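Worksheet: one structure, shown below.
All of the numbers you see were taken from the coordinates with simple rules; none came from a lab. Quick caveat, the model's predicted, so the values are computed rather than measured. Heads up, the Cβs are rebuilt from the backbone with ideal geometry, glycines too, and the neighbour counts pull from every protein chain shown.
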Amino acid sequence: MKVRKLSLIREIIRREIEKEGVISFERFMELALYFPGYGYYMSNRLPWGKEGDYYTAPQLHKIFGIMAGIQLKEFWEVMGKPKRFTVIEGGPGDGSLARSVLSYLSEYEKDLFRSLCYVLLEKNPFFQILQKDKLNQFENVIWSEDLRDIPLFCGVFISNELFDSFPVRRVKMEEDLKEIYVTFKEGDFVEFLENASSDLKTYIDRFTEGLPKGFITEVCLKLKEFLDELSVKLEEGFIFTVDYGFTSKEYYSKERSGGTLVCYFKHRFHDNPYINVGEQDITAHVNFSALHIWGEERDFQTVGFCPLAPYLVSLGIDRVIEAMKRYIEPPDIFKLKMLLIPEGFGETHRVMIQKKNLGDVNLEGFKLKNIKHSL
Ligand SMILES: C[S@@+](CC[C@H](N)C(=O)[O-])C[C@H]1O[C@@H](n2cnc3c(N)ncnc32)[C@H](O)[C@@H]1O
């Protein structure tokens with residue numbers, strides 16, 4: 001039998017399977033993406049840009065970060081302009097969002113900028129070097145590898161496309177609910193099914209109206225763990241999330257009976273997580289209903305939820321474009337459109353804002369559209 005040469009990360013996963021017998025899909029995804037030094041997001045290879053696998057909204061154009069800056073200013077005012085205002089960015093990628101936000105606030109919102117401490121939550125030492133290089137003109141910026149190392153704070157937890165990269169459990173409905181596990185046979189990773197544990201059954205009972213036979217989907221319990229940690233650390237302020245995802249109703253509807261798991265490799269996407277291991281992104285859509293409900297259980301009240309396009313329009317992206325118009329070149333117009341059109345980020349990406357320990361809050365970005373009732 002011919003055994004294919006294994007990449008190091010495949011070998012690391014194979015060895016863990018050999019030791020443990022089997023691993024959950026969640027563990028497979030965790031190793032493939034986050035194993036120190038070799039996982040997709042932990043190596044010295046950049047996932048983003050032309051040479052990478054995909055682009056994100058903050059990398060597309062700085063206006064995304066400017067709009068985030070405008071939103072942060074509104075948060076700061078709602079909170080009574082505190083003298084110390086901490087913004088923690090989870091999974092800051094190549095530092096594009098941080099750079100646009102900080103450039104905007106340092107130039108146009110000097111009072112807020114003086115109160116600001118911007119923290120980049122980044123585990124990959126190589127990404128940290130890139131981010132430090134990009135942000136070296138700003139003094140009020142610090143780095144941390146883990147939310148657990150950050151002291152209690154008042155301010156904002158902000159992220160773009162963070163939660164979709166959390167490892168997910170995968171389930172399949174047969175006669176009863178099964179969980180997808182991974183083993184290794186004849187040189188390849190192979191899936192097999194085991195009876196689902198009670199935490200998965202509870203989730204499916206809670207967030208779906210029952211799944212039909214054959215339905216395969218994802219469950220992100222890591223999101224709940226993350227909210228547990230965030231609720232300990234964030235004393236007063238906001239969670240500001242931009243990501244692609246659905247409400248439970250959309251997520252577990254017939255149209256998505258094969259789930260939402262997608263892999264990105266060199267600007268193409270497919271659904272096989274067992275190839276290009278460590279060299280491709282593996283991602284699943286966010287269940288915003290779970291973010292909302294688990295948030296409410298941890299004292300985070302949802303202020304608003306809607307697609308990115310109406311949010312940006314409501315927040316005044318037209319006024320910002322008008323003010324910037326002498327700097328806008330023809331290629332920028334395509335990028336700005338991508339932020340707004342349904343085929344770009346405008347409809348797939350959604351914005352959710354949750355608050356903690358604050359009274360009534362009405363935010364500008366949800367004046368045009370707020371569909372939090374659909375969660
Ligand atoms: C899809 S990328 C998005 C990068 C960036 N936010 C952007 O929009 O360009 C997700 C990033 O989140 C990071 N990440 C995932 N889980 C994390 C966690 N628990 N803490 C901090 N970063 C995390 C990944 O390592 C990866 O760099």
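Give me Met338, Met67 ranked fewest to most by other Cβ atoms within 10 Å of their Cβ, as a rough exposure proxy.
Values: Met338 16, Met67 25.
Ascending Cβ contact count within 10 Å gives the list Met338, Met67.
If you place +1 on the Cβ of every Lys and Arg, -1 on the Cβ of every Asp and Glu, and leave all else neutral, what size is the dipole of the range 91-166 about its Cα centre, to the nearest 20 Debye? Spell out each step's value before the answer.
Values: 7 positive and 12 negative charges, 29 e Å.
It works out to roughly 140 debye.
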- Note on the structure: Scattering profile of the chain from the Debye formula, Cα beads only, expressed as log10 I(q)/I(0) at q = 0.10, 0.11, 0.12, 0.14 Å⁻¹, is -0.65, -0.79, -0.94, -1.28
- Counting other C-beta atoms within 10 Å, which of His292, His373, His270 has the fewest, and how do the rest follow? His373, His270, His292
- Task: At q = 0.18 Å⁻¹, work out log10 I(q)/I(0) for the range 265-375 with the Debye formula, treating every Cα as an identical point scatterer and leaving solvent out; two decimals please.
- Result: -1.00
- Message: Can you tell me what share of the DSSP beta bridges in the range 209-330 is antiparallel? A percent to the nearest 5 is fine.
- Response: 75 percent
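Quick one: compute the contact order of the chain, relative version, from alpha carbon pairs under 8 angstrom and 6+ residues apart, as a percent.
Contact order relative to length: 18 percent.
Quick one: order Ser96, Ser314 by neighbouring beta-carbon count within 10 Å, fewest to most. Kindly include the intermediate steps, with their values, before the conclusion.
Working: Ser96 23, Ser314 19.
In order of increasing Cβ crowding within 10 Å: Ser314, Ser96.
When the helix-only estimate is applied to the chain (DSSP H runs of n ≥ 4, each -39,500 (n - 2.57), divided by the residue count), what is the mean residue ellipticity at 222 nm, nearest 500 deg cm²/dmol?
On the way: 14 runs with 136 residues, N = 375.
The per-residue figure over the chain is -10500 deg cm²/dmol.
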- Query: Which percent, nearest 5, of DSSP beta bridges in the chain are antiparallel?
  - Reply: 60 percent
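For the range 194-279, just say rounded, prolate or oblate: build the C-alpha gyration tensor, square-root its eigenvalues into a ≥ b ≥ c, call rounded for a/c under 1.5, and beyond that prolate if a/b exceeds b/c, oblate if not.
Numbers: a/c = 1.78, a/b = 1.18, b/c = 1.51.
Oblate shape, in that a/c is at least 1.5 and b/c is the bigger or equal ratio.
Rounded to the nearest angstrom and ordered from largest down, what semi-axes does the equivalent ellipsoid of the range 172-223 get from its C-alpha gyration tensor (root of 5λ)? Provide the component values of the computation, followed by the final result.
Working: eigenvalues 103, 33, 16 Å².
That gives 23, 13, 9 Å for the three semi-axes.
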- Message: Placing +1 on the Cβ of each Lys and Arg and -1 on the Cβ of each Asp and Glu in the range 1-112, which of Met42, Gln59, Ile17 has its Cα farthest towards the positive end of the resulting dipole?
- Response: Ile17
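Assuming R0 = 45 Å, what is the FRET efficiency of Lys185 and Phe334, from their Cβ-Cβ distance, to the nearest 0.05? Intermediate values should be presented prior to the final figure.
Values: r = 47 Å, r/R0 = 1.03.
That gives a FRET efficiency of 0.45.
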- Task: List, in the order given, every pair from Lys81/Lys233; Lys213/Lys372; Lys73/Lys337; Lys134/Lys337 whose Cα-Cα distance in the structure shown is over 22 Å.
- Result: Lys213/Lys372; Lys73/Lys337; Lys134/Lys337
- Note on the structure: Here FRET efficiency (C-beta to C-beta, Asp199 to Lys83, R₀ 51 Å, nearest 0.05) is 0.75
- Message: Run the simple label-point estimate for Asn136 and Glu236 please: 7 Å along Cα→C-beta, distance reported in nm.
- Response: 3.8 nm
- Message: Place a point 7 Å from the Cα of Asn362 along the Cα-to-Cβ direction; which residues of the range 285-327 have their backbone N under 18 Å from it?
- Response: 302-306, 311, 314-316
- May I ask for the distance between the Cα centers of the range 96-146 and the range 352-375, given as a whole number of Å? 26 Å
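Given charges of +1 on the Cβ of Lys and Arg and -1 on the Cβ of Asp and Glu, with all other atoms neutral, how large is the dipole of the chain about its Cα centre, in debye to the nearest 20?
Numbers: 50 positive and 57 negative charges, 136 e Å.
Using only the charged Cβ atoms, the result is roughly 660 debye.
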- Message: Using the Kirkwood formula on the Cα atoms of the range 24-142, what hydrodynamic radius do you get, in angstrom to one decimal?
- Response: 15.4 Å
- Query: For the range 105-220, what class follows from the C-alpha gyration tensor (a ≥ b ≥ c being the square roots of its eigenvalues): rounded when a/c is under 1.5, otherwise prolate if a/b is larger than b/c, else oblate?
  - Reply: prolate
